[in-house]
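Enquirer: Dropping the structure in here first, questions after.
Derivation of every value follows stated rules applied to the coordinates shown; laboratory data play no part. Predicted model only: the values in this text are computed from it and were never measured. Here the Cβ is made from the backbone with ideal geometry for all residues, glycine too, and neighbour counts use every protein chain on show.
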Amino acid sequence: MDFLTPTVQKAMLTATWETIEMVLISGVVTVVIGLLLGILLHVTGKGGLMPVRWLNVVLSGIIVNITRSIPFAILMVALIPFAVIVVGTSLGPIAASVSLTIGTIPFFARLVETALRDVSSGKVDAALVMGSTKMQVIRKVMVPEAMPGIVAAVTTTVVTLIGYSAMAGLVGGGGLGRMAYTYGYTRYNPEIMLMTIIIIVVMVQVVQIIGDVIARKVDHR
Amino acid sequence: MITVRDLRKVYRQGSNDVVALGGVSLEVPTGKIHGIVGHSGAGKSTLVRCLTLLDQPTSGTVSVNGKELTNVSADELRDARRRIGMVFQHANLFDSRTTEQNVGYPLELTGTPKKEIAAKVAELLELVGLAKFAKAYPSQLSGGQRQRVGIARALATDPDVLLCDEPTSALDPKTTDEILELVKKLRDRLNITVLIITHEMHVVKQACDSVSLLEGGFIVEHGDIASVITNAEGRLAHTLLPLPGDAPRSAGAGTILDLLYTGDQATEPVISAVSRTFNIDVNVLAGSVEQLSDQQYAHLRIQLPVDADVEAITNYLKSNGIAVTVKGTK
C-alpha cells in the first residue's frame, strides 16, 4: 500500500466526501422536486385525478422528454453558465449539484409517475367515494400505496447520481471522478484508479442494500 | 332510503353517442335489501359509478333520505358521499394500511379525534367478526376477510345506504354465503338500506327482498322476490328458479303445464289435490323447489293426460294463486 502517501490519502478522503456531498445535495433536491413533478405528471394525465391537458403536455412532452433526451455529458457542460447564476461559481461539488439535479429530476419524476400508475384505480375510486378531497387522495392513498415503487425509484436515482457525479467531477465538480482522472489517468497510477473504483462500487452497494431494506419495510402488498 | 329518478348516462365515443343508462328509476325503502341483476354490458358498472357520482350522470337524480346527491357543489358531494357506504368487488383496501387503519380511513378524513376513531373501529371490527385481525395488513387476510374489512370501512361513517358492487363475485360459494349472511345481519342490526349490484342470481336468492333486472341500460323487470318469482311471463322467474337444464318438454301424449307458486301454496299438496279433484293422473316432468328467505318457492313442469279438461284444471290452479303456463299439447 505504498502508493497511499499522506497526500494521496488526504486527496482520496476529500474526493470521497465531495462525491457524497454532490450525491446528497442533488439527491435530496431531486427527490423533493421530482416527487412533486411525478405526482403532477400522473394526476394531470389523461384519466388522472385532475386532468389538465395543456399542463401535462408542457410537463411531460416538453420539459421531461427534452431534458431526458439530452445526454448527461452534454447537459452538464451546457448548464455550467446556469450553475454560475445559481451558486456564483462553476467549480466545486455545489456547482456540480446544480446540473446533477436538473439532469436527474426528469428521470426520477418518470419513475415516480410509473410507481403511481401502478396504484389501482379502484383504490382511488374507493378513497373518493369515502369523501376524500383530491389532496387527501394524493397524500393518504396514492403516495403511501406507491411507496414501495417510490423507494425503489429513489434507490435507482441515487445510484445513477453516483455515476453522474463522477462525470461531473471531470468538469470542475471534484470528487472521485476527478481523482480517478488526475491520479489514475493523467499520472498513470493504476492503484489509485482501482481504489476509486472500489470506493464507488462500495457506495453503490451500500445505497442499494439500504434501499432494498427500506423497500421491504414499506411493502405490505 | 335511496331514490333514483330517471338516471341517464350517455357517453360520447368518437362521433356517436353510446347510451349506457337509458333512464333508470328505482326506490329502495329503509331496511330493505334490493338486488340489481344484469349480464355484463347491461349497464351495472355505469349505474354504480353514477350512483356514487364517480361519473356525472347525463340527467336524472340520486337522493338518499330525500337529500339529493346530484347537482350539488364538490364540497356538498363529499359530505353526501359519506351517506353512502360502498363495498367493492375486490374490496379495494389500502395495502399500506392495517385493518384498523383501513377501517378508520373515512373518519380520518374529517379530522375525527384518534380516540374516537379507535373506539369506532373496534366496534366495527367486532361487528364483522375481525377483532383479532386489527393489526393485520390486507395481504395477510383471505378474500372473505378482506371483504369484511371493506364492509366495516363502508360502515365507518354510519351511512344510510350500503351500496355493494359485485360484493361476492370474487369469492367462493361458502364465503359468498358468509358475506351475504353478514350483510343481512348488518341490515337487521343497523336498519340500513342495502343495494347489491350483481350478476349472480344466487346472491338475489340468498339476500334480497326485492330485485330489478337491468338490461341494455333499462330496468326491464322489478318487484319483490315473491312477485317476480311467480310472474310466469317475466324473465326473472325463470332465472331465479330454473327447471333443471334437461327438463323434458314432453313424455308421451298429454298437455304440459308450467306452474310457479310460492309460500302457502307450496306447502299445499297441489298436485295430489288436482289428481283427486279431477280424478286424473298427473305426471311431474321436472321441478325445482327452494326455500328463499323463509318462504318456499316452486317451479314445476307437469303433464296432464290426453283426456284431461285442461281449461278447468288451469282455472282451478289459478284460483289457488298458482301461475300457470300451458307449454303445449302433444
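Enquirer: What net charge do the residues around A:Ile138 carry, taking every other residue with its C-beta under 14 Å from that of A:Ile138, with Lys and Arg at +1 and Asp and Glu at -1?
Expert: Charge balance near A:Ile138 sits at +3.
Enquirer: Relative contact order for the range A:1-149: what percent, with Cα pairs under 8 Å and sequence separation of 6 or more?
Expert: Computed over the range A:1-149, the figure is 28 percent.
Enquirer: So who's got an amide H within less than 5 Å of the one on B:Ser25, skipping anything under 5 residues away but keeping other chains? H placed 1.01 Å off N, in plane.
Expert: Here B:Asp6, B:Leu7, B:Ile219 satisfy the definition.
Enquirer: What's the exposure ranking of A:Arg110, B:Arg97, going from fewest to most Cβ atoms within 10 Å? Could you put the intermediate results ahead of the total?
Expert: Working: A:Arg110 19, B:Arg97 22.
Fewest-to-most ranking of A:Arg110, B:Arg97: A:Arg110, B:Arg97.
Enquirer: Percent of Cα-Cα pairs per 10 Å bin, from 0 to the last occupied bin, for the range A:6-218, please list those.
Expert: For the range A:6-218, the pair-distance distribution reads 9, 30, 30, 19, 9, 3, 0.
Enquirer: Using θ = phi - 60° and the Karplus curve 6.51 cos²θ - 1.76 cosθ + 1.60, what whole-Hz ³J(HN,Hα) does each residue of the range B:91-98 get, with Gly and Pro shown as x?
Expert: Along the range B:91-98, the couplings run 6, 6, 6, 8, 5, 7, 10, 6 Hz.
Enquirer: Calculate how many DSSP beta bridges within the range B:155-245 are antiparallel, expressed in % of all such bridges and rounded to the nearest 5.
Expert: Counting only bridges with both partners in the range B:155-245, antiparallel ones make up about 55 percent.
Enquirer: Give me the count of lysine pairs in the range B:85-176 whose alpha carbons sit under 17 angstrom apart, restricted to pairs 8 or more positions apart or on different chains.
Expert: For the range B:85-176, the number of qualifying lysine pairs is 4.
Enquirer: With θ set to phi - 60°, apply the Karplus curve 6.51 cos²θ - 1.76 cosθ + 1.60 along the range A:164-181 and write out the HN-Hα couplings as whole Hz, x wherever there is a Gly or Pro.
Expert: So the J values, rounded to whole Hz, are 4, 5, 5, 5, 5, x, 5, 10, x, x, x, x, 5, x, 5, 4, 4, 6.
Enquirer: A follow-up question, please. Just B:Ala253, B:Ala134, B:Ala232 to compare: in a GNM of chain B, with alpha carbon springs under 10 Å, which one fluctuates most?
Expert: So, out of B:Ala253, B:Ala134, B:Ala232, the one fluctuating most is B:Ala253.
Enquirer: Could you work out the helix-only [θ] at 222 nm for the protein assembly as shown, with each DSSP H run of four or more residues adding -39,500 (n - 2.57) and the total divided by the number of residues, to the nearest 500 deg cm²/dmol?
Expert: The helix-only estimate for the protein assembly as shown comes to -15000 deg cm²/dmol at 222 nm.
Enquirer: Could you tell me the convex hull volume per residue, in Å³, taken over the Cα atoms of the protein assembly as shown?
Expert: So the per-residue Cα hull volume is 218 Å³.
Enquirer: Check which residues have an amide H placed less than 5 Å from B:Gln296's amide H, if you skip close sequence neighbours.
Expert: The list, which skips near neighbours in sequence, is B:Gly263.
Enquirer: When the scattering of the range A:148-221 is computed by the Debye formula from its Cα atoms alone, each counted once and equally, what is log10 I(q)/I(0) at q = 0.21 Å⁻¹?
Expert: Evaluating at q = 0.21 Å⁻¹ gives log10 I(q)/I(0) of -0.85.
Enquirer: Could you please rank A:Tyr188, A:Tyr181, placing first whichever residue has the fewest other Cβ atoms within 10 Å of its Cβ?
Expert: On the way: A:Tyr188 9, A:Tyr181 16.
With the sparsest Cβ surroundings first, the list reads A:Tyr188, A:Tyr181.
Enquirer: Answer rounded, prolate or oblate for the range B:78-122, using the Cα gyration tensor with square roots of eigenvalues a ≥ b ≥ c: rounded when a/c is under 1.5, else prolate when a/b is larger than b/c, else oblate. Could the numbers behind the result be given before it?
Expert: Numbers: a/c = 2.04, a/b = 1.14, b/c = 1.80.
Here the range B:78-122 falls in the oblate category.
Enquirer: Right, here's the next one. Taking amide H positions as placed 1.01 Å from N in the peptide plane, with prolines and chain starts having none, which residues 5 or more places from B:Asp55, or on another chain, fall under 5 Å of its amide H?
Expert: B:Cys50
Enquirer: Note down the Stokes-Einstein diffusion coefficient of the range B:2-236 in µm²/s, whole number, using a Kirkwood radius over alpha carbon pairs, 20 °C, and 1.002 mPa s.
Expert: 117
Enquirer: Which order do A:Arg216, B:Arg153 fall in if you start with the one that has the fewest other Cβ atoms within 10 Å?
Expert: Going from sparsest to densest Cβ surroundings: A:Arg216, B:Arg153.
Enquirer: Can you run phi through the Karplus equation (6.51, -1.76, 1.60; θ = phi - 60°) for the range B:124-137 and list ³J(HN,Hα) in whole Hz, with x for Gly and Pro?
Expert: 5, 5, 4, 4, 9, x, 10, 3, 6, 9, 3, 9, 7, 8
Enquirer: How many nm is it between the label spots at B:Arg276 and B:Asp158, if each spot is 7 Å from the Cα in line with the beta carbon?
Expert: With each label placed 7 Å out from Cα toward Cβ, I get 5.7 nm.
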